[in-house]
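A short worksheet on the structure shown next.
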Ligand code: BGC
C-alpha cells in the first residue's frame, strides 16, 4: 500500500522576487487534507480517503518549492490568470484600442502570458484550519493587460469533502478576465500511471473544435457520434487514441472546451463526474462558469518526477478547468470576458470528493 503524506512545510519556505513563500495546510474532520502554496496560489496536495479509508494524494505536484521552480510543466495546481487558456496571436481590442500579450504558446498567449498569475507570489490574507484566502494585485499593463486588477482566491475545505474555490476581482480600467485552477488530477493516486481507466461524465452536448493552433474555430459542434461524447459515463481511455482530427490537434488527446449544459449549471448540479475503479475515489465538479477545459496532460513528457519520484508521463493526469471559453476577447459570439471598473467579477468552482465502492 502506498503511504501518501503532505509535503514538509519547511520545503516550501523560500524567497522568490523578494517575497517569502510558504506551505499552508487545510484539514477537515473527514480525513481530507489540502496543501496550498502562495507561489501561484496553488494546490500542492489533496489527500482524499480511498475505498479503504487510506489517504490518497490525487493531484500531481512536487514536495518542495524547488521542485516547482525546476519543473518543465509550470501549471501544476496553479491559479491561472489574468486570462486562462489561449488568446489568438496574443492580441485583442477593447473600445478600439489593441492590446498585445507576448505569445508564449506558438502564436498564442497562453494562461495570461509567460509571467501570469501562476508565477506570482500571492499574499495570504486569512488562514484557518479549513480556509485560506490569497490576494494579488496585478499592475496596469502587467503582461500587456490593461487595468490594475485586484484578485482574491479563497479556498474552503468543508466537512462534506468539498474544496470550494471562490474568485473575486475588480479593475480600474476595462480589461478581460478568465480565472481557473489547473490541478492535474489522477484519482488512482499521483504518479500511478495514466488515467485511461477513469470513468468520466461531462454534462455537455456541445464542445468547441479548434484549429491547428488550438484556437476555437468559433463554431460549436455536437459531441454526438464523436470521441468527445461523455454525456453518459465512459472510460477516458475508450476513444482517446482514435485517429480523430480534433484529438490529433490536441497533441494526441483531449484539450478542448466543453459548453456546459445550461440546465446542469442552472440547477447547480455537477457538470462533470470522474471516478477511479482502483481507489473508488469519485470527483464531482460544480461551477458557475459556462465552460470546462478537459485536458488529458497531452504535453506531459515524463521529464518531471513528482512527489514520490514517479515520472509524470503523457495522459498521467486530467484537468477539468472551469472557465469562460478560450479566445473570448476575439470571439464576439462567446459570453463576454470583459470586466469594467465598478463591477465585481465573481466565480466559484467546487471539487467534491466521495467514495463509490
Ligand atoms: C491547455 C493545454 C496546455 C496546458 C498547459 C491547458 O489548460 O489547454 O493546451 O498545454 O494548459 O499546462
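The values are calculated or read from the model by the stated rules, or taken from the named source; none is laboratory data. Predicted model only: the values in this text are computed from it and were never measured. No Cβ is skipped: glycine too gets one built from the backbone with ideal geometry, and neighbour counts run over all protein chains shown.
Observations on the model:
- When residues of segment 211-238 are limited to those that are free of Cβ contacts under 8 Å to residues at least 60 places away in the same chain and within 16 Å of the ligand (Cβ to nearest atom), the one surrounded by the most Cβ atoms within 10 Å (Cβ to Cβ): 228
- For segment 244-256, the count of residues that are within 15 Å of residue 196 (Cα to Cα), more than 16 Å from the ligand (Cβ to nearest atom), modelled with pLDDT of 95 or more and in contact with a strand residue (DSSP E or B) (Cβ under 8 Å, 6 or more places away or on another chain) is zero.
- Annotation note: of 116, 81, 90, 147, the sole residue that is more than 16 Å from the ligand (Cβ to nearest atom) and crowded, with 19+ Cβ neighbours inside 10 Å is 147.
- Selection within segment 317-336 - in contact with a helix residue (DSSP H, G or I) (Cβ under 6 Å, 6 or more places away or on another chain) and either buried (at least 23 other Cβ atoms within 10 Å of the Cβ) or under 17 Å from residue 261 (Cα atoms) (or both): 327, 334
- Taking the listed residues 250, 191, the one that is under 24 Å from residue 87 (Cα atoms) and crowded, with 18+ Cβ neighbours inside 10 Å is 250, with no other qualifying.
- Sub-6 Å Cβ pairs linking a first residue in segment 241-267 that is free of Cβ contacts under 8 Å to residues at least 40 places away in the same chain to a second residue that is in a loop (DSSP other than H, G, I, E, B) and within 16 Å of the ligand (Cβ to nearest atom), at least 6 apart or interchain, are 246/209, ordered by first then second residue.
- For the condition over 17 Å from residue 46 (Cβ atoms) and within 12 Å of the ligand (Cβ to nearest atom), residue 301 qualifies.
Condition check ((1) without any contact (Cβ under 8 Å) to a residue 40 or more places away in the chain; (2) closer than 23 Å to residue 318 by Cα; (3) buried (at least 24 other Cβ atoms within 10 Å of the Cβ); (4) more than 14 Å from the ligand (Cβ to nearest atom)) across all residues:
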residue: 18; (1), (2), (3), (4): yes, no, no, yes
residue: 23; (1), (2), (3), (4): yes, no, no, yes
residue: 27; (1), (2), (3), (4): no, no, no, yes
residue: 31; (1), (2), (3), (4): yes, no, no, yes
residue: 70; (1), (2), (3), (4): yes, yes, no, yes
residue: 74; (1), (2), (3), (4): no, yes, no, no
residue: 77; (1), (2), (3), (4): no, yes, yes, no
residue: 85; (1), (2), (3), (4): no, yes, yes, no
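- Whenever a residue of segment 298-319 is free of Cβ contacts under 8 Å to residues at least 24 places away in the same chain, its partners that are assigned to a strand (DSSP E or B) and more than 13 Å from the ligand (Cβ to nearest atom), lying with C-beta atoms within less than 7 angstrom and at least six residues away or across chains, give the pairs 302/311; 305/311.
- Segment 318-341 - residue that is part of a loop (DSSP other than H, G, I, E, B), touching a strand residue (DSSP E or B) at 6+ places or on another chain (Cβ under 9 Å) and away from the ligand (no atom under 14 Å from the Cβ) and, of those, farthest from residue 197 (Cα to Cα): 341
- Some residue of segment 276-286 being within 13 Å of the ligand (Cβ to nearest atom), assigned to a loop (DSSP other than H, G, I, E, B) and out of contact with any helix residue (DSSP H, G or I) (no Cβ under 9 Å at 6 or more places or on another chain): no
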